[in-house]
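The next block holds one structure in the form of structure tokens; read it before the comments.
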Amino acid sequence: MSSSLIELVLLAAIALFVGWRLYTTLGSDSGPPDGRARSETTAAPAAGDKPRPENRAGLRPAFTGPAASGLEAIHAADPSFNPREFLTGARSAYEMLANAFAAGDRETLKVWLDDDVYETWDKAIADREASGAEAPQLLRIRHTEIDEASLDDSNVARVTVRIEAELGDGDMNRKSEEFWTFMRNTTSDDPNWLLDDVDTAD
């Protein structure tokens with residue numbers, strides 16, 4: 001065997017050995033033997049962080065029910081709008097605002113209520129405080145669904161949600177059914193919706 005051929009075989013063996021060592025060190029999905037993350041600079045997500053959904057091109061929310069045309073118009077003006085995610089947010093907003101109203105937390109209410117709604121709720125809190133009456137306490141949300149949706153000429157979106165809840169009123173529990181209308185200008189950089197109107201179901 002010629003010396004050049006021997007050198008070629010030796011070089012190939014060395015390359016194979018180095019490649020195998022690199023694979024055993026970096027190529028395994030299980031990470032280092034002690035279980036640490038591969039990068040010490042990668043921080044764990046904070047509590048409450050949600051995983052970002054995959055960006056699936058071509059997929060869009062399904063619009064059904066009596067509010068479908070309004071939801072379609074809102075989505076056309078703001079492609080990030082998703083009825084399912086909105087409804088989840090509406091439930092959270094109802095819980096937060098109902099608890100803030102019961103606690104007389106005007107600071108929280110001022111941020112999330114339209115001026116007209118805030119004035120009405122502020123007066124109701126003042127009347128309750130003057131009389132010494134207890135505020136109804138939210139026990140649970142029984143059901144939520146989108147009832148109406150619209151987009152006006154000023155690109156202001158309004159979505160009305162029918163909310164059924166159970167309230168504790170003194171020693172009694174009672175059912176509450178209301179229509180909460182949320183509003184947002186779809187051209188605004190602010191993603192938050194304000195509570196624009198509250199109606200009691202007949």
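The values are calculated or read from the model by the stated rules, or taken from the named source; none is laboratory data. All values derive from a computational prediction rather than experimental measurement. Positions of Cβ are backbone-derived with ideal geometry, glycine not excepted, and every protein chain shown enters the neighbour counts.
General observations
- Residues being within 16 Å of the chain's Cα centre (by Cα) and among the hydrophobic types (A, V, I, L, M, F, W, C) - total across the range 65-86: 2
Here's the yes/no breakdown for (1) touching a Lys or Arg at 6+ places or on another chain (Cβ under 9 Å); (2) modelled with pLDDT of 95 or more; (3) over 13 Å from Phe86 (Cα atoms):
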site: Ile141; (1), (2), (3): yes, yes, yes
site: Thr144; (1), (2), (3): yes, yes, no
site: Val159; (1), (2), (3): yes, yes, no
site: Leu167; (1), (2), (3): yes, yes, yes
site: Asp171; (1), (2), (3): no, no, yes
site: Phe182; (1), (2), (3): yes, yes, no
site: Asp190; (1), (2), (3): yes, no, yes
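- Out of Ile146, Ile141, Ile125, one residue alone is assigned to a strand (DSSP E or B) and either more than 27 Å from the chain's Cα centre (by Cα) or touching a residue at least 60 places away in the same chain (Cβ under 8 Å) (or both). It is Ile146.
- Condition met for Gly89 (assigned to a helix (DSSP H, G or I) and either more than 16 Å from Pro136 (Cα to Cα) or in contact with a strand residue (DSSP E or B) (Cβ under 8 Å, 6 or more places away or on another chain) (or both)): yes
- The single condition from (1) part of a helix (DSSP H, G or I); (2) under 29 Å from Glu72 (Cβ atoms) that Val111 fails is (2).
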